[in-house]
Amino acid sequence: MPDDSIKPDNTEAFLPFALPDIGDEEVAAVVECLRSGWVTTGPKTRQFEQEFAAYLGGGVETISVNSATAGLHLALEALGIGPGDEVIVPTLTFTATAEVVRYLGAQPVFVDADPDTLNFDLQAVERAIGPHTRAIIPVHYAGLACDMDAVLALARTYGLKVVEDAAHAFPTRYKGQLVGTLGSDVTVFSFYANKTMTTGEGGMVVTRDAELARRVRVMRIHGISQDAFQRYTSRKPAWFYEVIAAGFKYNLTDLASAMGIAQLHKIDRFLQRRELLAARYHEALRGLPLRLPTAASGDSTHAWHLYVVRLTDHAPIGRDELIARLSERGIGTSVHFIPLHRQPIWRDSCRLSPAQFPAAEAAYHSMLSLPLYTKMSDADQQRTIDNLRELLS
Ligand SMILES: *Cc1c(COP(=O)(O)O)cnc(C)c1O
């Protein structure tokens, strides 16, 4: 080996913005699954759904899917959203929240952010309600719940459906109750690689509405009726099934579910670690020209999927430069999100301009997401803090 393979002490490895936390338990569970011969949807998926429902409590039904995007699509489909309908979504979110509305030929209507929480602004939501509005998709930004009492009250007043995009919010409590059990029509969680738990790709649809759950289950797997499946498991010959709708192929594999079960068993420990890292950032970054993220209060809790800081006017350098300098120093960060009103598809097809979204604009220009994940060490975090201090003082 050449000597240059040995790095001097002061060059540390690049700290990525996010990494999944996959241990021996996940590896063993997937290997066991491979050896069992069940690689598509089967007993592990059923177990994952049952354990996820048990974790949430509240008598919810859980339907696993191969992404949160698929889950949001199925939720809106089951609610009967279609051409001519409008669905209210935040501009400060990932494009999946809006694209699923288009899948069904309906129109997303974008609303501005609340400058404090960065969840959507409820007054902007109410202003956006019109004669064609059918549903609202609150996104629990970064892992802090929207004011769901107010969202649900608004929905009742105007007769709207509510589908929670809880991609960041597992587990998040709102006034003591877990997101997923709050009384909206449907909640959808994501198990994408950088989320608070992962199955590689995956998601979970959660509802208390038995009829809606039935439709989601049917549409998840080619529109094959559950009744036919039940007949298949009892009296009818094994080859018989009935297709009752032009469905989708959104089922989760047992390989993914085996991983999900192992991750779910660690979720409380993951949350504790995230809470600790967030508290440390809060303590250590006070005094710098940064607006720190709003924490949960009272009986509510924050999932800390993201730790988003915003540079204040007193900062000596701008956001883009700070990201570049941190990167030079081996620290990865990201931006959540480039608001959807800036993305060509939504900007052009919905004729959106930045002036319509002043709070999301201000946030976008000043924000960055710091590394926060269970696999990062205390030293990794200290290095991030030290570099922020140097660059911002
Ligand atoms: C990650 C994410 C999604 C999509 O999740 P997938 O499981 O990747 O489909 C949807 N909404 C938000 C806000 C997200 O961050």
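Restricting the stretch 314-341 to residues that are without any contact (Cβ under 8 Å) to a residue 24 or more places away in the chain and under 25 Å from P90 (Cβ atoms) leaves a set whose member that is nearest to the ligand (Cβ to nearest atom) is D320. Meeting the requirement of 3 or more residues that are exposed (fewer than 15 other Cβ atoms within 10 Å of the Cβ), of a type in the set (D, E, K, R) and over 17 Å from the mean Cα position of the chain (by Cα), the helices (runs of 4 or more DSSP H) wholly within the stretch 24-115 are 24-36.
Candidates in the stretch 189-211 are the residues that are within 8 Å of the ligand (Cβ to nearest atom) and among the hydroxyl-bearing types (S, T, Y); of these, the one that is nearest to T301 (Cα to Cα) is S190.
Note on the stretch 342-364: among residues that are in contact (Cβ under 8 Å) with a residue 24 or more places away in the chain and among the polar types (S, T, N, Q), the one that is nearest to V125 (Cα to Cα) is Q356.
Scan the stretch 102-109 and give yes if some residue there is touching a residue at least 12 places away in the same chain (Cβ under 8 Å), farther than 30 Å from T294 by Cα and small (G, A, S), otherwise no. Yes, there is a match, as at least one residue in the stretch 102-109 is touching a residue at least 12 places away in the same chain (Cβ under 8 Å), farther than 30 Å from T294 by Cα and small (G, A, S). The conditions of being of a type in the set (A, V, I, L, M) and touching a Gly at 6+ places or on another chain (Cβ under 7 Å) are met by A303. Residues that are over 25 Å from the mean Cα position of the chain (by Cα) and among the hydroxyl-bearing types (S, T, Y) do not occur anywhere in the stretch 381-390. Which one of L122, L118, L56, L92 is at pLDDT 95 or above and under 19 Å from L212 (Cβ atoms)? The conditions single out L56. Highlighted here are the helices (runs of 4 or more DSSP H) found entirely within the stretch 244-346 that include at least 3 residues which are within 24 Å of A113 (Cβ to Cβ): 267-285, 319-328. Within the stretch 361-391, restricting attention to residues that are of a type in the set (G, A, S) and under 22 Å from F17 (Cα atoms), the residue that is surrounded by the most Cβ atoms within 10 Å (Cβ to Cβ) is A363. In the stretch 332-343, is there at least one residue being over 30 Å from A13 (Cα atoms) and among the small types (G, A, S)? No - not one qualifying residue is present in the stretch 332-343.
A single entry from V186, V125, V109 fulfils the requirement of being touching a Gly at 6+ places or on another chain (Cβ under 9 Å), more than 21 Å from L56 (Cα to Cα) and away from the ligand (no atom under 13 Å from the Cβ): V109.
The values are calculated or read from the model by the stated rules, or taken from the named source; none is laboratory data. Please read all numbers here as calculations on a predicted model, not as lab measurements. Every residue, glycine as well, gets a Cβ built from its backbone with ideal geometry; the counts of neighbours run over all protein chains shown.
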